[in-house]
Amino acid sequence: MYKTEFLTLLLCALAALLHGLSGFGFPMISTAALSLFHPLQTAIAMVLIPCIIMNLSVLGTHEKAPISLLYYVKNYWSLIGSSLIGSLFGVMLLLYIDESYLKLLLGMVIWLYVLDQFRSQPLHLRRSIKNMLIFGLLAGVIGGATNAMAPFLMMYLLSTQHSKNDIVMITNISFLASKLIQLSILYPTLLTFDQAQIYLLCAITIFSLFFIYLGSKIRIHISQQKFKRLILVILTVLGTNALWQGINMI
């Protein structure tokens with residue numbers, strides 16, 4: 001049992017470190033790690049609190065936070081709003097669709113993200129309300145059901161050549177909206193946690209906040225490219241395992 005908890009905390013710490021370095025990554029990696037040992041619904045519920053605290057800390061520490069939030073909501077309402085609606089449908093899938101299909105979906109989305117990182121020719125999209133609606137909805141549905149929201153958001157934001165600051169703000173606003181939707185629907189699952197799960201949730205929260213802070217501090221001192229390769233290896237293993245579990249559960 002202790003080995004399981006240690007491995008879970010280690011993977012969540014790596015996910016938080018990546019989040020501190022790049023602004024995203026924690027929900028997808030931590031959910032994939034926890035789903036190794038828990039049902040997917042429990043895994044998603046377990047990372048809800050750390051995710052919400054992370055998103056609020058990132059948004060709250062931004063210079064002129066209230067003005068910035070209004071700016072991004074005003075200019076990216078279609079992306080944020082469609083991801084919010086998509087999240088609602090995604091959580092419904094989590095509650096009513098067989099877990100084996102959701103694990104297959106999680107594995108495929110992770111693999112899609114990993115393969116996209118090796119593209120020699122980056123994807124190019126126009127900045128338009130139509131594209132924001134499409135990618136926001138896809139990100140919301142996948143994020144609500146599996147916590148793998150980042151790939152579709154990043155595909156759109158990187159392909160439209162947004163600045164790093166824009167990417168961090170837009171993704172964290174979308175993540176926060178999605179997590180609040182999940183919390184409103186999954187809070188009964190949180191209420192069923194036993195003592196061991198509550199202790200693990202507290203430990204994940206503490207470890208995550210520490211390592212996201214650490215990641216933000218060492219961002220300029222460590223080669224992000226090398227760290228990104230390590231995370232891609234971890235994601236490949238977790239994505240493959242999610243696919244394997246999904247296939248075996250069908």
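What follows draws every value from the coordinates through simple rules; no lab data is involved. On a predicted model such as this, the values are computed, not experimentally measured, just so you know. Cβ sites come from the backbone with ideal geometry, for glycine too, and all protein chains shown count toward neighbours.
Which is the longest run of the chain containing none of the trypsin sites (Lys or Arg not before Pro) found in DSSP loop states (not H, G, I, E, B) with at most 15 other C-beta atoms within 10 Å? Longest stretch, sites excluded: 128-218. With r defined as the distance between the Cβ atoms of K217 and M249 and R0 fixed at 45 Å, what FRET efficiency is calculated, to the nearest 0.05? E between K217 and M249, to the nearest 0.05, is 0.65. Taken one residue at a time, the phi angles of the range 183-198 give Karplus couplings (6.51, -1.76, 1.60, θ = phi - 60°) of 4, 5, 9, 9, 4, x, 5, 4, 5, 8, 4, 7, 4, 4, 5, 5 Hz. Gly and Pro are set to x. Extension gain, Y96 to A196: 0.36 nm times the residue separation minus the Cα-Cα distance gives 33.4 nm. This ranking places L94, L133, L79 by how few other beta-carbon atoms lie within 10 Å of each, fewest first, which gives L133, L94, L79. Using C-alpha pairs under 8 Å with a sequence gap of at least 6, the mean separation divided by the residue count of the range 2-249 gives a relative contact order of 38 percent. Each Lys or Arg adds one and each Asp or Glu subtracts one; over the other residues with Cβ under 14 Å from the Cβ of A148, this totals +1. Within the shell defined by Cβ-Cβ distances under 11 Å, the residues around Q245 carry a net charge of 0, with Lys and Arg each +1 and Asp and Glu each -1. Across the range 101-153, C-alpha contacts under 8 Å between residues 6 or more apart give a mean separation that, scaled by the residue count, equals a relative contact order of 45 percent. Pairs of lysines in the chain whose Cα atoms sit within less than 21 Å of one another amount to 12, provided the residues are eight or more positions apart or on different chains. Computed from backbone phi with θ = phi - 60° and the Karplus coefficients 6.51, -1.76 and 1.60, the 3J(HN,Hα) list for the range 38-44 is 9, x, 4, 4, 5, 4, 5 Hz; x is used for glycine and proline.
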